1. Anything in region A:54-67 that is farther than 23 Å from A:VAL12 by Cβ, in contact (Cβ under 8 Å) with a residue 12 or more places away in the chain and either surrounded by 14 or more Cβ atoms within 10 Å (Cβ to Cβ) or charged (D, E, K, R) (or both)? List them, or say none.
2. Quick one: which of A:SER73, A:SER87, A:SER7 is without any contact (Cβ under 8 Å) to a residue 60 or more places away in the chain and under 26 Å from B:VAL37 (Cβ atoms)?
3. Looking only at region B:3-31, which residues are over 12 Å from the mean Cα position of the chain (by Cα), polar (S, T, N, Q) and over 15 Å from B:ALA86 (Cβ atoms)?
4. Kindly indicate whether any position in region B:32-50 is touching a residue at least 24 places away in the same chain (Cβ under 8 Å), under 27 Å from A:GLY110 (Cβ atoms), among the polar types (S, T, N, Q) and not in a loop (DSSP other than H, G, I, E, B).
5. Against the definition (part of a strand (DSSP E or B) and open to solvent by 60 Å² or more (accessible area, probe 1.4 Å)), how does B:THR12 come out, yes or no?
6. What's the number of the condition A:GLN37 fails, among (1) facing another protein chain (nearest Cβ under 9 Å); (2) over 18 Å from B:TYR36 (Cα atoms); (3) open to solvent by 10 Å² or more (accessible area, probe 1.4 Å); (4) touching a residue at least 24 places away in the same chain (Cβ under 8 Å)?
7. Do you know which of the residues in region B:86-114 that are open to solvent by 30 Å² or more (accessible area, probe 1.4 Å) and either in contact with a Cys (Cβ under 7 Å, 6 or more places away or on another chain) or away from chain A (no Cβ under 14 Å) (or both) is farthest from B:GLN38 (Cα to Cα)?
Amino acid sequence: GAGVSQSPSNKVTEKGKDVELRCDPISGHTALYWYRQSLGQGLEFLIYFQGNSAPDKSGLPSDRFSAERTGGSVSTLTIQRTQQEDSAVYLCASSLAVRGPSYEQYFGPGTRLTVT
Amino acid sequence: GNSVTQMEGPVTLSEEAFLTINCTYTATGYPSLFWYVQYPGEGLQLLLKATKADDKGSNKGFEATYRKETTSFHLEKGSVQVSDSAVYFCALSRTQGGSEKLVFGKGTKLTVNP
């Protein structure tokens, strides 16, 4: 079946602009996660959703970052007033459940964000 | 807090050599442990996992054993192939049999030469 998809695959934006990154999880997966991969910081957790709720937003680096999920499916990560340090690959993952025998996370290909 | 430390690379081996990538962790409670692999130009893929102490995860000839006494989850393969060239990430989740949040190591780049 179809895996996790993310769009756009690449985004170049000017400093100060807002960007929206989209994630389509695997159909039927109730949990959805956002991570950021950068050279300096490695792979960092940002936020996860169980259904449409976000029990853990602890990884969001500042109030410029927000995310939402609607209909228990698609999620959007929004970065306002982008800064150069926001340049990274943003990864989305989904899992069938958060606990139990099907909790493995499956990752999308990522969105490479470059802030100029 | 929870953290993962894995050996720094890059690691360069000849085909059919033995591979070990060390991973140790710090965690409260009973985390689940994972190895993910990222092939060139591709996304992260789960390679193997272990849910509790003494569990052995295995896949594609790779193995790792959850050692609580040494807080380690070292990745091993007896005979590597050129196609194993990739970046390998060790990770933990804070709960046994769960994954609300994965904490990753920095990654180890493996290059296998023919």
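1. Our first condition is that a residue be farther than 23 Å from A:VAL12 by Cβ; within region A:54-67, this holds for A:54-59, A:63.
From what's left, in contact (Cβ under 8 Å) with a residue 12 or more places away in the chain: A:54, A:58-59.
Listed by number, the residues that qualify are A:ALA54, A:GLY59.
2. Values: A:SER73 fails: under 26 Å from B:VAL37 (Cβ atoms); A:SER7 fails: without any contact (Cβ under 8 Å) to a residue 60 or more places away in the chain.
Result: A:SER87 is the single residue among A:SER73, A:SER87, A:SER7 that is without any contact (Cβ under 8 Å) to a residue 60 or more places away in the chain and under 26 Å from B:VAL37 (Cβ atoms).
3. B:SER3, B:SER14, B:THR26, B:THR28, listed by residue number.
4. Yes, region B:32-50 contains a residue that is touching a residue at least 24 places away in the same chain (Cβ under 8 Å), under 27 Å from A:GLY110 (Cβ atoms), among the polar types (S, T, N, Q) and not in a loop (DSSP other than H, G, I, E, B).
5. Working: part of a strand (DSSP E or B): yes; open to solvent by 60 Å² or more (accessible area, probe 1.4 Å): yes.
Yes; evaluated as a whole, the condition is true for this residue.
6. Going through (1) facing another protein chain (nearest Cβ under 9 Å); (2) over 18 Å from B:TYR36 (Cα atoms); (3) open to solvent by 10 Å² or more (accessible area, probe 1.4 Å); (4) touching a residue at least 24 places away in the same chain (Cβ under 8 Å) one by one, A:GLN37 breaks only (2).
7. The selected residue is B:PRO114.
Rundown of residues vs (1) in contact with a Ser or Thr (Cβ under 7 Å, 6 or more places away or on another chain); (2) farther than 18 Å from B:SER93 by Cβ; (3) among the small types (Gly, Ala, Ser); (4) at pLDDT 95 or above, yes/no style:
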| site | (1), (2), (3), (4) |
| --- | --- |
| A:PRO8 | yes, yes, no, yes |
| A:THR13 | yes, yes, no, yes |
| A:THR30 | no, no, no, no |
| A:LEU39 | no, yes, no, no |
| A:PHE45 | no, no, no, no |
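The values are calculated or read from the model by the stated rules, or taken from the named source; none is laboratory data. Fair warning: this is a prediction, and the values are worked out from it, not measured in the lab. When we count neighbours, we look across all protein chains shown, and the Cβ atoms used for this are built from the backbone with ideal geometry, even at glycine. These accessible areas exclude ligands, DNA and RNA; they are computed on the full protein's heavy atoms, side chains included. Shrake-Rupley method; radii C 1.70, N 1.55, O 1.52, S 1.80 Å.
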